[in-house]
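The values are calculated or read from the model by the stated rules, or taken from the named source; none is laboratory data. These numbers were taken from a predicted model, which means no experiment stands behind them. Note that each Cβ is placed from the backbone with ideal geometry, even for glycine, and that neighbours are counted across all protein chains shown.
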Amino acid sequence: MRIITFDDFIDVYTKGKKRGLNFLLSKLSVSKNKRTQSAFDQTREINVNWWNVPLVRKRWNQKICGSSEKNHLTYLLEDLLANKKNLKLLSLGSGLCGEEMKMAQSGKFEEIICLDLSKYRMDQARARAKKEGLQNMKFINQAINKFDFPEQHFDIVFFRASLHHFKDVSTLLSEKVKNTLKPGGLVIINEYVGPNRMQYPDHQIKAINEALQMIPKPLKKRSQSGFYKNKFYGSGVLRMLIADPSECIESEKILPALHQHFEIVAEKPYGGNILANVLKDIAHHFIELNSENEKTLKDLFAFEDEYLKKNPSDYLFGVYRNEENRQH
């Protein structure tokens with residue numbers, strides 16, 4: 001376990017430049033919930049993460065759907081939920097609800113309830129849904145432990161990059177989620193399922209640094225700070241606890257709990273072990289493609305694919321069915 005690393009100091013510096021002094025001061029709150037909420041209360045987009053890179057998203061599409069032009073939401077609506085209608089969905093930790101709104105527009109859903117701790121994000125989502133006339137959506141600003149889960153009410157419980165923020169994952173899934181799903185209902189996740197608190201093993205840290213050496217120096221200049229990303233040290237637990245106490249709190253327990261209490265319908269791993277960490281803070285160099293950065297990306301893709309032959313994926317799209325005869 002790494003308590004504090006050099007990357008922690010770089011992250012604090014860059015976050016201060018991007019989000020300001022008030023954001024950093026918010027991390028001094030004694031309330032864990034307030035520190036968690038502050039992590040999601042600002043939405044200014046800066047292209048510094050792997051999910052901002054269009055070619056990375058095409059890679060996800062290929063791994064999840066078998067086509068670079070078909071994303072996981074299309075796969076969900078057109079394949080997994082083909083011919084379904086009047087569905088009821090609960091999204092836990094829904095954020096700005098972009099995917100939930102697309103589902104609400106699909107004609108398949110009678111009711112979509114979005115629950116999130118961030119009032120800012122729920123207010124933003126509510127205003128957008130009202131503007132677009134989405135009357136089948138409801139937005140609740142509430143902690144999950146305060147929510148009254150109706151019994152056997154929902155056809156789908158949806159987690160999009162949120163399940164790794166919840167503690168007592170096994171209890172949440174085996175009791176609250178299982179009970180609120182109808183028999184045969186689905187749990188759908190698009191999640192980080194890697195090591196708790198992103199405490200990667202030494203062999204992964206080594207591989208990430210090997211991948212960094214494949215990138216030409218001009219493409220390693222960090223956004224905002226101007227520093228070069230020459231080495232990856234990983235995240236220290238202390239900064240993670242201060243910045244967001246919920247971050248990856250029990251992420252490595254997610255798949256074992258799902259496998260124990262639900263039937264696997266589909267599991268589509270899409271990597272991230274190398275790419276998510278290599279591209280953090282330098283992803284802006286790969287938004288617009290040219291011959292140099294496209295070649296670099298494809299080399300990184302091949303490097304991660306080789307790594308994944310011997311190691312489980314840190315990120316995964318999964319669908320699981322609620323069966324009454326599974327252990328409860």
- [ ] Name the residue, out of Gly107, Gly133, Gly98, Gly93, that is over 30 Å from Lys309 (Cβ atoms), crowded, with 18+ Cβ neighbours inside 10 Å and either out of contact with any Phe, Trp or Tyr (no Cβ under 7 Å at 6 or more places or on another chain) or touching a residue at least 40 places away in the same chain (Cβ under 8 Å) (or both).
- [x] Gly93
Task: Within the stretch 136-158, tally of residues that are touching a residue at least 60 places away in the same chain (Cβ under 8 Å) and within 25 Å of the chain's Cα centre (by Cα) - done: 6
Task: Sole residue being surrounded by fewer than 17 Cβ atoms within 10 Å (Cβ to Cβ), modelled with pLDDT of 95 or more and in contact with a Leu (Cβ under 9 Å, 6 or more places away or on another chain), chosen from Lys220, Lys231 - done: Lys231
Task: Odd one out for Leu238, checked against (1) surrounded by 15 or more Cβ atoms within 10 Å (Cβ to Cβ); (2) under 22 Å from the mean Cα position of the chain (by Cα); (3) not acidic (Asp, Glu) - done: (1)
Task: Near pairs, Cβ below 8 angstrom, 6+ apart or cross-chain, from the stretch 58-71 (over 15 Å from Leu275 (Cβ atoms)) to any residue that is of a type in the set (Lys, Arg) and assigned to a helix (DSSP H, G or I) - done: Ser68/Lys58; Ser68/Arg59; Glu69/Lys58; Asn71/Arg57
Open item on the list: The conditions are (1) out of contact with any Phe, Trp or Tyr (no Cβ under 6 Å at 6 or more places or on another chain); (2) in a strand (DSSP E or B), and Cys114 fails exactly one of them. Which is it?
Closed with: (1)
Open item on the list: Just checking: which of the helices (runs of 4 or more DSSP H) contained wholly in the stretch 250-328 hold 2 or more residues that are touching a Pro at 6+ places or on another chain (Cβ under 8 Å) and under 29 Å from His203 (Cβ atoms)?
Closed with: 291-308
- [ ] Quick one: in the stretch 282-315, of everything that is within 19 Å of Met198 (Cα to Cα) and touching a Phe, Trp or Tyr at 6+ places or on another chain (Cβ under 7 Å), which residue is surrounded by the most Cβ atoms within 10 Å (Cβ to Cβ)?
- [x] Asp314
Open item on the list: Checking the structure you have, find out if any residue of the stretch 37-60 is modelled with pLDDT of 95 or more, more than 30 Å from Lys295 (Cβ to Cβ), out of contact with any helix residue (DSSP H, G or I) (no Cβ under 7 Å at 6 or more places or on another chain) and part of a loop (DSSP other than H, G, I, E, B).
Closed with: no
TODO: Collect the residues in the stretch 106-161 that are touching a helix residue (DSSP H, G or I) at 6+ places or on another chain (Cβ under 7 Å) and of a type in the set (Ser, Thr, Tyr), keeping them in residue-number order.
DONE: Ser106, Ser118
Open item on the list: Checking Phe262 against (1) surrounded by fewer than 16 Cβ atoms within 10 Å (Cβ to Cβ); (2) touching a residue at least 24 places away in the same chain (Cβ under 8 Å), only one condition comes out false. Which one?
Closed with: (1)
Task: Verdict on Asn145 being modelled with pLDDT under 95 and outside any loop (DSSP other than H, G, I, E, B) - done: yes
Open item on the list: It is to be established whether one or more residues within the stretch 185-196 are in a helix (DSSP H, G or I) and not small (Gly, Ala, Ser).
Closed with: yes
